[in-house]
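Encoded as structure tokens, the structure appears first; notes follow it.
The values are calculated or read from the model by the stated rules, or taken from the named source; none is laboratory data. Worth saying up front: this structure is predicted, and the values here are computed from it rather than measured. Positions of Cβ are generated from backbone atoms using ideal geometry, with glycine treated the same way; all protein chains shown enter the neighbour counts. In case anyone asks, the SASA skips ligands and DNA or RNA and just uses the protein heavy atoms, side chains included. Shrake-Rupley method; radii C 1.70, N 1.55, O 1.52, S 1.80 Å.
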Amino acid sequence: MNYNKAENDIKKIIEESTNVLQKVVDYLCDNFEHYSWVGIYIVEGDDLILGPWKGPHATEHVRIPVGRGVCGSAAASGDTEIVDDVRSDDRYLACFVSTKSEIVVPIKKQDKIVGEIDIDSDTPSAFSDEDKYFLEKIGDMLSEHI
Ligand code: SME
């Protein structure tokens, strides 16, 4: 999948749809082979609450305190996290045995972190800077919908 085409497709989904978060999650999971599981967490107080997701299995991590795990670290710092090898990162909260790498992209509304996009990949080191910039743009587009 071409990242520019995906950005335009997602722009249209956001303009034309209701239930935007679920539709964007579905789009990402369906169109990028290295995105094995895609979810959006929403910040509620000091916790991240799992919102829409798509993937082969549900995760037990439906509530993650800010500061815990890779997800909680990204929410605390506001910086995108890329973990090339989840087994070698002490912060990692395991969800799926098949996961090899992960990216977490904070979603900001006027500098406040309101949520994040979390993607697990069954491929080691699956996420490049291109994924990071692409997903950060998608995060910006979604911030008004959280
Ligand atoms: N691995 C994440 C937890 C969420 S699952 O990947 C869906 C973490 O370490 O925070």
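Looking at Arg91, is it of a type in the set (D, E, K, R) and more than 16 Å from Pro124 (Cβ to Cβ)?
So Arg91 fits the description; yes.
Hey, could you check segment 13-53 for residues that are touching a strand residue (DSSP E or B) at 6+ places or on another chain (Cβ under 8 Å), of a type in the set (D, E, K, R) and under 18 Å from Ile107 (Cα atoms) and say which is nearest to the ligand (Cβ to nearest atom)?
Asp47
Just to check your reading of the model, which residue among Val70, Val62, Val86, Val24 is closer than 20 Å to Thr123 by Cβ and under 14 Å from the mean Cα position of the chain (by Cα)? Before you say what the answer is, go through the steps one by one.
Numbers: Val62 fails: closer than 20 Å to Thr123 by Cβ; Val86 fails: under 14 Å from the mean Cα position of the chain (by Cα); Val24 fails: closer than 20 Å to Thr123 by Cβ.
Of the residues listed, the single one that is closer than 20 Å to Thr123 by Cβ and under 14 Å from the mean Cα position of the chain (by Cα) is Val70.
The conditions are (1) more than 13 Å from the ligand (Cβ to nearest atom); (2) farther than 26 Å from Asn19 by Cα, and Tyr92 fails exactly one of them. Which is it?
(1)
Which of the numbered conditions does Lys108 fail, given that it passes all the others? Conditions: (1) open to solvent by 50 Å² or more (accessible area, probe 1.4 Å); (2) farther than 23 Å from Tyr3 by Cβ.
Going through the list (1) open to solvent by 50 Å² or more (accessible area, probe 1.4 Å); (2) farther than 23 Å from Tyr3 by Cβ, Lys108 breaks only (2).
Need the failing condition index for Lys100 against (1) out of contact with any Leu (no Cβ under 9 Å at 6 or more places or on another chain); (2) within 10 Å of the ligand (Cβ to nearest atom), just the number.
(2)
Can you give me the number of residues within segment 91-108 that are over 22 Å from Val62 (Cβ atoms) and out of contact with any Asp or Glu (no Cβ under 7 Å at 6 or more places or on another chain)?
Residues in segment 91-108 being over 22 Å from Val62 (Cβ atoms) and out of contact with any Asp or Glu (no Cβ under 7 Å at 6 or more places or on another chain): 1 in total.
For segment 57-77, what are the residues that are on the phi > 0 side of the Ramachandran plot and near the ligand (Cβ under 7 Å from one of its atoms)?
Gly69
Within the group Ile113, Ile146, Ile103, which residue is touching a residue at least 60 places away in the same chain (Cβ under 8 Å), under 25 Å from Asn8 (Cβ atoms) and buried (at least 16 other Cβ atoms within 10 Å of the Cβ)?
Details: Ile113 fails: under 25 Å from Asn8 (Cβ atoms); Ile103 fails: touching a residue at least 60 places away in the same chain (Cβ under 8 Å).
Just one listed residue meets the conditions, Ile146.
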